[in-house]
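What follows is a single structure, and I will ask about it in a moment.
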Amino acid sequence: MASVELKSVSKSYGGNPVIRGVDLAIRDGEFIVFVGPSGCGKSTLLRLIAGLVPVTEGEISIGGEPVTDVPASKRGIAFVFQSYALYPHMTVARNIGFALETLGLGRDAVRNKVAEVAKLLKVDHLLARRPRELSGGQRQRVAIGRALVRKPEVFLFDEPLSNLDSDLRMEMRIEIARLHDDIGTTMIYVTHDQAEAMTLADRIVVLNHGVIEQVGSPQELYHTPKSRFVAGFVGSPRMNFSPVKATGVGADWLLAGPGGLRVESHVTGNRSTPATIGVRPEALSIVAPGSGRLDGVIERIEDLGHEHFAYVRLDADNSWVIRLPARPREDRDTKVGLSFRDEDLFLFEESGARLDHAASHERSAAAVAQPSGGGMAA
Amino acid sequence: MTDAALALPARRRRSSASYRLERRIKKGFLVVAVGLVLIYTLFPYYWAIVSSTKQGAALYRNTFLPAFDFTYYKALYENKIFLGSLVNSAFVASSTTALSLILGISAAYALGRIDFPQRRGVLMTILMISIFPQVVVLSGMFELINWLGLYNRPSALILTYLLATVPFTTWILTTFIREFPRELEEAAIIDGCSHFRILTKILLPLMGPSLASTGILAFILAWNEFLFALTFILTDENRTVPVAIGLMGGSSRYEYPFGQIMAASVTVTLPLIVLVLIFQRRIVAGLTAGAVKG
Ligand SMILES: Nc1ncnc2c1ncn2[C@@H]1O[C@H](COP(=O)(O)OP(=O)(O)OP(=O)(O)O)[C@@H](O)[C@H]1O
Ligand SMILES: [Mg+2]
């Protein structure tokens, strides 16, 4: 059990910056999830914490002690790789016990610990097998077992479930959550999967080009993203965006956009000009043409059984997706109106920063009222 | 895009029977081709076996069946110099193999895994070294061997063979280590392994096939080498097998001991065949390793 602290950590490969001045304080026992587009440096940041690659600049401490120059095996961390990275020529038992064997523990002690861990992860009947004789889910369990046996203070996971099919993924997700509840060890977890990020995380760290865009509880990120980037990244399907033209009307802005959009909005805080609006697919509903906030033509309807997505084209460049609980009555190629509540409107300025407006405070209040990860939200 | 543009040129399909015939003809050609290659490669060896069992004038008659007369073999196994040369060859070839594998693995680990700026240069140099013809280095080597005081010693041969075997073992093993999954090694690092332990406990056990194939190649090269063995060894009792066979004399100046040479050649080739058969499966696995993923 330990906290992890990064102080302006940077990493470049051959003069090419990959991680740029990351500051992050992770509390003891917290479950942190790194998300971000491919190539933004999630794996690199995890490897830096693990000590698998040296930092170019900055300080890392684990449990309050600086470990910047401490080798990986002495940092008290365990790493679960995307490819599992099990030793192909060793049995499951040896795979799990190899770290202890390396430490010079006696044969019996190793066997006992391996048995204990194997039982916890329900792989005790597989101990004599080789990795290639296991299914994907079993391999993943063994990989977690190998990490667990070292009694690490910090668990690092790099997309551990991405090689599994969706059923198994959900099952393992629940098991990882349970494991975290049971042992309470600090965990840092990289994923591409929205559901994993939203359900597992106490706090999510959104990375973009090697910089932290925002850190916060899943609810904070969903309801009060700091920027257009975070708003687009958290939530699935992603938020609909459209460029708008803002004209000042007294203290308010009149926003005009594609699909005949006209909204009046009172930006609070700093009064910079909104350049983009965003509305989440689940905040939109279909109404008669002309009676909503904007109009468009249904281009395509996807029926997933329990939910439906309608793609509505506003103009040549803009198409919005709407998430509906039931199949809409309107068919393809019909003209429809779209409506949303004021508090579901997001405004972003040219630079991408989100602007508060009169109604958005109601949404922020809703976010705080949400039961977030045990009051971990900072 | 119109459908017409995408359609295949309208050509009438031939009958199924004609395709079957075509397939049979192709198969027939393949069998013939394989047969020719086999005869081309195996006949000399077969001819050596046949000749080695024939006596005197029978040698010059073109019969293709062996005569099962083992006089030459008996004479050969009573020949102290030949038996001595077999021992020398075994010593030289196995030492060369062992040394080049050890050097090759260490070099390959460094070249395949550790990032240092001169890596490309070193790899290219190794490749360059391995393409020099032997004659080019012969006189230089001769000086070196003399200077080290190794002239007329089997160890001189080991030293010179390493010149040829280390580059290619290094190359093959570097390729293998490069393709070795990085995460596996990182897992071992986190498990607390030193470089040495990673090499011995993780890499080597997984490198069996590559080691077997490169080892066999090195062994064959050292076992068959003639030029250096002829140049650096003076006396009969230190010779290796290829030279010993080459220098075999008849009972008189005018007799060429053809049968005996054939018997010796057959004997010398046997260890190689046995080795290759033992490691056959591993070699095939090793030579194709990394060619495709999986
Ligand atoms: N060893 C390396 N040498 C050079 N560049 C590297 C190295 N490792 C990573 N990079 C670069 O660093 C950037 C971040 O890589 P990283 O693997 O951290 O991305 P990621 O966020 O994990 O992406 P993904 O979601 O696809 O796994 C990439 O642009 C990558 O090309
Ligand atoms: Mg990654």
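Would you work out which of A:Met172, A:Val263, B:Ile273 lies farthest towards the positive end of the dipole of the protein assembly as shown, given +1 charges on the beta-carbon of Lys and Arg and -1 on that of Asp and Glu, about the Cα centre?
The listed residue farthest towards the positive side: B:Ile273.
When a/c is below 1.5 the answer is rounded, else prolate if a/b is larger than b/c, else oblate, so apply that to chain B with a ≥ b ≥ c taken from the square roots of the Cα gyration tensor eigenvalues. Could you put the intermediate results ahead of the total?
Numbers: a/c = 2.40, a/b = 1.15, b/c = 2.08.
Cα axes put chain B in the oblate bin.
Okay, next question. Placing +1 at every Lys and Arg Cβ and -1 at every Asp and Glu Cβ, with all other atoms neutral, what dipole size does the protein assembly as shown have around its Cα centre, in debye to the nearest 20?
On the way: 70 positive and 62 negative charges, 612 e Å.
Approximately 2940 debye in magnitude.
Here is a further query. Roughly what would the spin-label model give for A:Arg262 and B:Gln118, points 7 Å off Cα along C-beta, in nm?
It works out to 7.6 nm between the two label points.
Run lengths n ≥ 4 of DSSP H only: what is the helix-derived mean residue ellipticity at 222 nm for chain A, with -39500 (n - 2.57) per run over all residues, to the nearest 500?
-7500 deg cm²/dmol
Per residue of chain B, what 222 nm ellipticity follows from adding -39500 (n - 2.57) for every DSSP H run with n ≥ 4, rounded to the nearest 500?
-23500 deg cm²/dmol
To the nearest 20 Debye, how big is the dipole of the stretch B:75-292 about its Cα centre, given +1 on the beta carbon of each Lys and Arg and -1 on that of each Asp and Glu?
180
In the neighborhood of A:Asp333, defined by Cβ-to-Cβ distances under 11 Å, what is the net charge if each Lys or Arg adds +1 and each Asp or Glu adds -1?
Details: positive: A:Arg300, A:Arg313, A:Arg332, A:Lys335; negative: A:Glu299, A:Glu330, A:Asp331.
Neighbour charge sum, excluding A:Asp333 itself: +1.
What's the local net charge at A:Ile212, with K and R +1, D and E -1, over the other residues with C-beta under 12 Å away?
Working: positive: A:Arg20, A:Lys42, A:Arg203, A:Lys226; negative: A:Asp23, A:Glu213.
Neighbour charge sum, excluding A:Ile212 itself: +2.
Can you return the aspartates and glutamates within cross-link range of A:Lys11? Criterion is Cα-Cα under 12 Å, with same-chain partners fewer than 8 residues away left out.
List returned: A:Glu57, A:Glu59.
Sticking with this one: Using modelled amide H (1.01 Å from N, peptide plane; none on Pro or chain starts), what sits under 5 Å from the amide H of B:Thr53, excluding residues fewer than 5 places away?
B:Ala67
Return the FRET efficiency for the residue pair B:Lys27, B:Arg61: r is the Cβ-Cβ distance, R0 is 35 Å, and the value is rounded to the nearest 0.05.
The formula returns an efficiency of 0.40 here.
Rounded if a/c is under 1.5, else prolate if a/b is larger than b/c, else oblate: which is the protein assembly as shown, with a ≥ b ≥ c the root eigenvalues of its Cα gyration tensor?
prolate
Over 26 Å between Cα atoms, which of A:Lys122/A:Lys151; A:Lys151/A:Lys226; A:Lys245/A:Lys335; A:Lys151/B:Lys201; A:Lys7/A:Lys42; A:Lys42/A:Lys151 qualify? Mind showing how you got there, number by number?
Values: A:Lys122/A:Lys151 18 Å; A:Lys151/A:Lys226 37 Å; A:Lys245/A:Lys335 24 Å; A:Lys151/B:Lys201 23 Å; A:Lys7/A:Lys42 16 Å; A:Lys42/A:Lys151 24 Å.
Exceeds cut-off: A:Lys151/A:Lys226.
Further, regarding this structure: What full-extension length gain, to one decimal in nm, is calculated for A:Lys74 and A:Ala195 as 0.36 nm per residue of separation minus the Cα-Cα distance?
40.3 nm
Something else about it: Please compute the net charge surrounding A:Val18, taking Lys and Arg as +1 and Asp and Glu as -1 over other residues with Cβ under 11 Å from its Cβ.
Taking every other residue near A:Val18 into account, the sum is +4.
Shifting gears a bit: Roughly speaking, what is the centre-to-centre gap between the stretch A:284-316 and the stretch A:139-170 when only Cα atoms are used, to the nearest Å?
Between the Cα centre of the stretch A:284-316 and that of the stretch A:139-170, the gap is 40 Å.
When only Cα pairs under 8 Å and 6 or more residues apart are kept, what is the percent relative contact order across chain B? Working shown, then result.
Details: 266 pairs, mean separation 83.5, N = 294.
Relative contact order, chain B: 28 percent.
Also: If one computes the Cα centroid of the stretch B:125-204 and of the stretch A:176-204, what distance in Å separates the two points?
One Cα centre to the other: 47 Å.
Each reported figure results from applying straightforward, stated rules to the coordinates on display, with no laboratory input. Keep in mind the model is a prediction, meaning the values are calculated, not measured. Methodologically, a virtual Cβ is constructed for each residue, glycine included, from the backbone with ideal geometry; neighbour enumeration extends over all protein chains shown.
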